There are 2 protein chains.
Amino acid sequence: MPAPVLSRRDLDFLLYDWLDVVSLTDRPYFAEHSRETFDGILDLSADLATKHFATHNKKADANEPRIGEDGRVEIIPEVREALDQFAKAGLISASFDESLGGMQLPVSVLRAAMAWFQAANAGTSSYPFLTVGNANVIATHGTEEQVSTFVPSLLEGRFFGTMCLSEPQAGSSLADITTKAIPQDDGTYRLTGTKMWISGGDHELTENIVHLVLAKIPGGPAGVKGISLFIVPKFLVDADGTLGERNDVALVGLNHKMGNRGTTNTLLNFGDGSFTPDGREGAVGYLLGEANKGLSYMFLLMNEARIGVGFLATSLGYAGYLQSVEYARTRTQGRPLADKDPSSPQVPLVEHADVRRMLLAQKAYVEGALALGLYCSKLVDEERSAADADARDRAGLLLDVLTPIAKSWPSQWCLEANSLAIQVHGGYGYTREFDVEQFYRDNRLNQIHEGTHGIQGLDLLGRKVIMRGGAGLALLGETIAATVAQARAAGGDIAEYAQQLEAAVVRVGTTTATLWAGRDPELALANSSVYLEAVGHVVVAWIWLEQLLAAGDREGAFFDGKRAAAQFFYRFELPKTGPQFDLLDSLDRTTLDISPDAF
Amino acid sequence: MPAPVLSRRDLDFLLYDWLDVVSLTDRPYFAEHSRETFDGILDLSADLATKHFATHNKKADANEPRIGEDGRVEIIPEVREALDQFAKAGLISASFDESLGGMQLPVSVLRAAMAWFQAANAGTSSYPFLTVGNANVIATHGTEEQVSTFVPSLLEGRFFGTMCLSEPQAGSSLADITTKAIPQDDGTYRLTGTKMWISGGDHELTENIVHLVLAKIPGGPAGVKGISLFIVPKFLVDADGTLGERNDVALVGLNHKMGNRGTTNTLLNFGDGSFTPDGREGAVGYLLGEANKGLSYMFLLMNEARIGVGFLATSLGYAGYLQSVEYARTRTQGRPLADKDPSSPQVPLVEHADVRRMLLAQKAYVEGALALGLYCSKLVDEERSAADADARDRAGLLLDVLTPIAKSWPSQWCLEANSLAIQVHGGYGYTREFDVEQFYRDNRLNQIHEGTHGIQGLDLLGRKVIMRGGAGLALLGETIAATVAQARAAGGDIAEYAQQLEAAVVRVGTTTATLWAGRDPELALANSSVYLEAVGHVVVAWIWLEQLLAAGDREGAFFDGKRAAAQFFYRFELPKTGPQFDLLDSLDRTTLDISPDAF
């Protein structure tokens, strides 16, 4: 019996005791729901993830997708079987409107449920998640016809979706994409260009693949202001929903990755003439929304995907944590330092302080990250369902500020958790006989895709904390201050942590002001990654204080664990931000001044 | 033309300008050598590593050793070809006495030369390195007959060597090994037991394999005090040096690892009856040195191997650094923050501050680690060749204190360098089309083997800094103080760094005293890994100051780079130790007090 990949006990605590997601059911949009329906989805997800996803995680890693002799992508059959189960359970459409066949499930509950699949099998779980995001963009910005043509098939899992942003010469720099979209007399467009790093870009898992493609309409503005968004299906879809001709989207190659091997990652050519039955030039595409506003539409998907990456990193970290706890409890090795008798029996690894340190660090990282992700997901629910416009706006603003952290912090620290999980296993953890080495390889992707770590730093310091006159940062400060006030009143250790947190929040404010005082973006942003990491630690410290308040003085091993992990975070982790703020306050120019020749 | 895997310019600076290894040639033992012979070895190594080792690094990773139908280990043929070249060049015996066919090359020069092979191909380079260590133990502790029977064949590369310590139930806890050695009437022993994690434990690369095996002679003391060391060859060797019968050492299985796949890593059975032509029971073994002193003999090899692991980690970090510099200089992406014109050409990655931060961090880690490793290797030379006994003793003492750091610091920070090398490459770095993902996987091993990170922490804080009444720590302090004094006199930035370093060294002393004030090992050692990491950073800060003093005020990109990397280390890295010392000074009990149930 392998260790579970996620803790239902923890999810219940976070969703029900802390975030009180059941209160959402008082709102009209979620009125059909209840604790019972939420539990049902969580139970179902744990069950499906365990029975159909975890079971082929290693096999999918060892047998990565390949291009067969017929040019089609071959994937082990377990992937399709698992995804069929997933779709049949209605999980792709769960958070969508009932009018689209969805369940109107709160995103916070859905994310918790999805984390089971991410923890069980990062590679296989990516396909439906991309599809959900894709369908959400079409449902939000598409015409009635576009919605009816594509969204139901996506939500049923008959079609899967992708997001096509990067090109070989344009990764982080989307301003430099060169894929062209030429308008046609019938209102459609013809696209030509090459897209790189397209996850789920080709496969035989579904009847059709719906690509959302960033491209430029000739004559439009230069740079990102001239980017439009197009729906480009692999097979054209007739008015009655049946599949028509093959569109000119050609698989050029698969990328062979260190981890996350179960998800095909592709180089695609649009309009290179591989599939042109009628001699047409270019792949047929349909403009989504208005021309030249493509990037803003894509950001709906990008922001969702960034939170999703945070959850993926968290889930992998969590699975590794639980496996290493299990291993540390059962594997015996060595003796307590005080025991000098070599004939006494060896003790479980968990008896050694250094092993506990490694377990506590993992716990502090993965439970902190999970709580942060669920908090952000609850903000999505608030933004969608809060009664008054101001509350919706505040939720959206806070989510904007937190998104780069919810993406980057788990990507960094839950990878570190996976490294510690390997370390707890010793040599065994470095072998493919155990799972943790795969988690570590899978997780390393998360600092790269959907905006690299560096891009998140620029987003946080260069946009999010200064937008709307700093309103987002101010709101974060107020929100944390409310927690601090509560924690002070609670007394004891919690009050001490509150004091530490308050001081750290002050530093976030003063450092941000110092960095921008000279209004010199180059200098302000020179160490934006350090800023991102420091603010991330402050935010997660706050999330831990929130968890402690929710735990109150309840007794039992679960709550003792929460208190120990919080203590670890406040003693071992939060103090790391001191030197980071000092460095930032010094307006250090080391990275700016070095000549490229000096490397 | 791929980027070089190591910088000869840096090696020259460190060996000649800083460590002045040519001065060793004034001593009788090294009198045959000169700058020219050293250069010759370095040139030869760079050439062989580039032509014969780097060329199959990826192939060996993709085609790991397997057990063929005949039960033999199959390894791609390039490995043997490369190792034949290595042996033919006399590199296995290079540091050995001339009487054994060696060159009496200083270890510092040899390590620099070997780093080329480690950087080019971690997997293939391990075989001769294990052989060197193995031969060194036999040459040091063996009888005349043992030496003449095994050492020449090892040094010629006709035999390869292993070290067999761990067992499935005894990894870090060597007190718990159960392999038994029964004395025979003819003075030999018969060994039975199972050994785990044996690198190079079986293969067809050489005619024979010489295992050095820890085992217990029944009736001896319990625990580590009853461990003896045995020579157990795969094939018995007749008096005239010809190979005799197959000894009863059986390959049970190969471990399948995340990285470092080129080195076979094996589970071996000794004396399980697989090979017993004459019906004898047990594998034939020859006691090395005295009974029950095996662990102390093995520590000669272990200490050498720990420095070697540090070099392996460093070399992999260095290779990744150079590749990411090359990539950052040639790959264009985005524009300077001040450039708002999207039609202007994209700039090389190296123009972005965050990319420079990632390159500078790598540079600070890998060049700091290389310098530390070479410094330690020079201490080996001093210990071996210094004229007066006191100087030899001091060198040995300082080496003892530095060994856990020379092993663990590169294993941690050069792995981080590899992660940053991936990050500089973006998505490409996560693919197997580039080398950096392999470096990262290969490097993750180094925190585990030859004593885990946690074991190094216990060694440093629990033994090395308190042994001989703290003489080792005092000597380290004096040595650093001498550098500080020189740096103060130099003025400018260097003097500022000296002040920072001096303050950090004071903290090492006070924290060590605080931790041991209660004479409670459990409490003192509760956070020994944190201590290891903090002291490691202080030591590397000192090593950087040493490099700056050696650079003086010389001009040019190389020296500018050294100054920038040192600046980075003093501004971004050394301050991280502040919170670590604070934590240690608080005698924190978080890791001790948590109940195992609370995870």
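Structure notes:
- Residues that are under 15 Å from the mean Cα position of the chain (by Cα) and touching a residue at least 40 places away in the same chain (Cβ under 8 Å) occur in segment A:380-391; there is at least one.
- Here A:ALA503, A:ALA564 are screened, and the one residue that is in a helix (DSSP H, G or I), more than 26 Å from the chain's Cα centre (by Cα) and more than 12 Å from chain B (Cβ to nearest Cβ) is A:ALA503.
- Test: residue in segment A:515-531 that is more than 14 Å from chain B (Cβ to nearest Cβ) and within 28 Å of the chain's Cα centre (by Cα): no
- Residue satisfying all of: in segment A:456-487; within 14 Å of chain B (Cβ to nearest Cβ) and among the charged types (D, E, K, R); farthest from the chain's Cα centre (by Cα) among these: A:ARG463
- Any hit, segment B:105-116, residues being of a type in the set (A, V, I, L, M), assigned to a helix (DSSP H, G or I) and in contact with a Lys or Arg (Cβ under 8 Å, 6 or more places away or on another chain): yes
- Residues (among the β-branched types (Val, Ile, Thr), crowded, with 24+ Cβ neighbours inside 10 Å and either within 7 Å of chain A (Cβ to nearest Cβ) or over 14 Å from B:TYR365 (Cβ atoms) (or both)) located in segment B:423-447: B:VAL436
- Some residue of segment A:323-336 being of a type outside the set (A, V, I, L, M), within 14 Å of chain B (Cβ to nearest Cβ) and in contact with an Asp or Glu (Cβ under 7 Å, 6 or more places away or on another chain): yes
- Test result for B:ILE231, outside any loop (DSSP other than H, G, I, E, B), within 30 Å of B:GLU437 (Cα to Cα) and among the hydrophobic types (A, V, I, L, M, F, W, C): no
- Some residue of segment A:326-345 being of a type outside the set (Gly, Ala, Ser), within 20 Å of the chain's Cα centre (by Cα) and surrounded by 18 or more Cβ atoms within 10 Å (Cβ to Cβ): no
- Residues that are surrounded by 22 or more Cβ atoms within 10 Å (Cβ to Cβ) and either out of contact with any Leu (no Cβ under 9 Å at 6 or more places or on another chain) or outside any helix (DSSP H, G or I) (or both), drawn from segment A:582-599: A:ILE594, A:PHE599
- Filtered residues of segment B:469-485 (kept if small (Gly, Ala, Ser) and touching a Leu at 6+ places or on another chain (Cβ under 7 Å)): B:ALA471, B:GLY472
- Flag for B:TYR570 being within 14 Å of another protein chain (Cβ to nearest Cβ), part of a helix (DSSP H, G or I) and either without any contact (Cβ under 8 Å) to a residue 24 or more places away in the chain or under 27 Å from A:ALA364 (Cα atoms) (or both): no
- Filter pass, A:SER419 being surrounded by fewer than 21 Cβ atoms within 10 Å (Cβ to Cβ), of a type in the set (S, T, N, Q), over 23 Å from A:LEU461 (Cα atoms) and modelled with pLDDT of 95 or more: no
- For A:ASP84: the one exception among (1) farther than 29 Å from A:SER385 by Cβ; (2) in contact (Cβ under 8 Å) with a residue 60 or more places away in the chain; (3) loosely packed, with under 14 Cβ neighbours inside 10 Å: (3)
- Screening A:GLY317 on (1) in contact (Cβ under 8 Å) with a residue 40 or more places away in the chain; (2) facing chain B (nearest Cβ under 8 Å) shows it passes everything except condition (2).
- Residue selected from segment B:392-433 under the condition of a type in the set (Lys, Arg) and touching a residue at least 12 places away in the same chain (Cβ under 8 Å), by the criterion farthest from B:ASN443 (Cα to Cα): B:ARG394
- Of the strands (runs of 3 or more DSSP E) lying entirely inside segment A:118-203, those containing at least 2 residues that are among the β-branched types (Val, Ile, Thr) and surrounded by fewer than 24 Cβ atoms within 10 Å (Cβ to Cβ) span A:189-199.
Residues are listed down the side, and each one gets a yes or a no for (1) over 30 Å from A:ARG9 (Cβ atoms); (2) modelled with pLDDT under 95; (3) in a helix (DSSP H, G or I); (4) in contact with a strand residue (DSSP E or B) (Cβ under 8 Å, 6 or more places away or on another chain):
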| position | (1), (2), (3), (4) |
| --- | --- |
| A:THR511 | yes, no, yes, no |
| A:ALA526 | yes, no, no, no |
| A:VAL530 | yes, no, yes, no |
| A:VAL538 | no, no, yes, no |
| A:TRP542 | no, no, yes, no |
| A:GLU546 | no, no, yes, no |
| A:GLU555 | no, no, no, no |
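- Looking across segment A:245-256 at every residue that is surrounded by fewer than 23 Cβ atoms within 10 Å (Cβ to Cβ) and among the charged types (D, E, K, R), the one that is farthest from the other protein chains (Cβ to nearest Cβ) is identified as A:GLU245.
- Pairs, first under 16 Å from B:SER173 (Cα atoms) in segment B:455-476, second modelled with pLDDT under 95 and not β-branched (Val, Ile, Thr), C-beta under 6 Å, six or more apart: B:ILE455/B:SER172
- Selection of segment A:17-36 for residues being surrounded by 13 or more Cβ atoms within 10 Å (Cβ to Cβ) and touching a residue at least 24 places away in the same chain (Cβ under 8 Å) yields A:ASP17, A:TRP18, A:LEU19, A:VAL21, A:LEU24, A:ARG27, A:TYR29, A:PHE30, A:HIS33.
- First in segment B:499-519 and under 18 Å from B:GLU533 (Cβ atoms), second anywhere and loosely packed, with under 12 Cβ neighbours inside 10 Å, Cβ under 7 Å, 6 or more apart: none
- Test: residue in segment A:265-285 that is within 14 Å of chain B (Cβ to nearest Cβ), among the polar types (S, T, N, Q), in contact (Cβ under 8 Å) with a residue 40 or more places away in the chain and within 20 Å of A:ILE209 (Cα to Cα): yes
- Against the criterion of being within 20 Å of B:LYS407 (Cβ to Cβ) and either part of a helix (DSSP H, G or I) or modelled with pLDDT under 95 (or both), B:GLU496 does not qualify.
- Checklist (1) within 18 Å of A:ASP582 (Cβ to Cβ); (2) buried (at least 24 other Cβ atoms within 10 Å of the Cβ); (3) touching a Ser or Thr at 6+ places or on another chain (Cβ under 7 Å) applied to B:PHE569, failing item: (3)
- Residues of segment B:352-373 that are within 7 Å of chain A (Cβ to nearest Cβ) and more than 24 Å from B:TRP542 (Cβ to Cβ): B:ALA353, B:ASP354, B:ARG356.
- Per-region count, segment A:573-593, residues polar (S, T, N, Q) and either on the phi > 0 side of the Ramachandran plot or more than 7 Å from chain B (Cβ to nearest Cβ) (or both): 3
The values are calculated or read from the model by the stated rules, or taken from the named source; none is laboratory data. Just so we're clear, the structure is a prediction, and the values are computed from it rather than from any experiment. Every residue, glycine among them, receives a Cβ derived from its backbone with ideal geometry; neighbour counts consider all protein chains shown.
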